[in-house]
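These notes are about the structure you will find just below.
The values are calculated or read from the model by the stated rules, or taken from the named source; none is laboratory data. Note that the structure is a prediction, hence the values are computed from the model and not measured. Ideal geometry is used to build each Cβ from the backbone, glycine not excepted, and the neighbour counts take in all protein chains shown.
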């Protein structure tokens, strides 16, 4: 089962409420996005958590492998047309995280980063995350979305909580110690998230 794949697919969250800017997602295109993503992976605020500050050749191989991985789809997130974020949306049961909890077949997961340093600290992570969750929950069978941010990434853990994620347990993943978090459809759609 593959998430939305078409490079022409755009999910838009229209202005309104706290999301007063236009948010769009489109699938990553290797040719168009490689240099941008390679640059983002070398930003000081990204390196500690993504650890992909590698050479162009190494990153191109990594990106190509990720794009060919049928359990996930990669997205670029835009705010008012500005490229600001990178997303990995995946089927949790088919991911390494699926062995750390009782994964249901339609559970999805999400990884994200804000790329440009000048776009950090502006409060964009929460509305972007809420828009992505709304897109993921369009899959009717998905009742839960999983995240496993680095356990030391207090800022992102806070954002996930505000979006409706609840901490489950620390997990020792191959590349990090993460905090397994779950967002349930009823929490997200019912607006009972912390700070909603």
task: Answer yes or no as to whether residue 24 is buried (at least 16 other Cβ atoms within 10 Å of the Cβ), part of a strand (DSSP E or B), modelled with pLDDT under 95 and touching a strand residue (DSSP E or B) at 6+ places or on another chain (Cβ under 9 Å).
output: yes
field: Selection within the stretch 39-66 - in contact (Cβ under 8 Å) with a residue 24 or more places away in the chain and under 17 Å from residue 113 (Cα atoms)
entry: 39, 40, 43, 44, 45, 46, 48, 49, 50, 51, 59, 63
- request: Could you figure out which of (1) at positive phi; (2) outside any loop (DSSP other than H, G, I, E, B) isn't true of residue 121?
  value: (2)
- prompt: Tell me, which residue of the stretch 160-192 that is in contact with a strand residue (DSSP E or B) (Cβ under 8 Å, 6 or more places away or on another chain), in a helix (DSSP H, G or I) and free of Cβ contacts under 8 Å to residues at least 40 places away in the same chain is surrounded by the fewest Cβ atoms within 10 Å (Cβ to Cβ)?
  reply: 161
statement: Checking 141, 177, 185 in turn, the sole residue that is more than 16 Å from the chain's Cα centre (by Cα), within 26 Å of residue 21 (Cα to Cα) and at pLDDT 95 or above turns out to be 185
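Table: residues versus (1) at pLDDT below 95; (2) loosely packed, with under 14 Cβ neighbours inside 10 Å; (3) assigned to a loop (DSSP other than H, G, I, E, B).
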| residue | (1), (2), (3) |
| --- | --- |
| 33 | no, no, no |
| 36 | no, no, no |
| 44 | no, yes, yes |
| 53 | no, no, yes |
| 59 | no, no, no |
| 62 | no, no, no |
| 67 | no, no, no |
message: When you check residue 103 against the structure, is it surrounded by 18 or more Cβ atoms within 10 Å (Cβ to Cβ), more than 16 Å from the chain's Cα centre (by Cα) and outside any helix (DSSP H, G or I), yes or no?
response: yes
Residue 110 being free of Cβ contacts under 8 Å to residues at least 40 places away in the same chain, within 16 Å of residue 180 (Cα to Cα) and not in a helix (DSSP H, G or I): yes
field: Search result, residues across the stretch 84-100 that are more than 19 Å from residue 137 (Cα to Cα) and surrounded by fewer than 18 Cβ atoms within 10 Å (Cβ to Cβ)
entry: 96, 99
Selection within the stretch 114-138 - over 17 Å from residue 25 (Cβ atoms) and in contact with a strand residue (DSSP E or B) (Cβ under 6 Å, 6 or more places away or on another chain): 120
message: Quick check on the stretch 75-88. Is at least one of its residues at pLDDT 95 or above and outside any strand (DSSP E or B)?
response: no
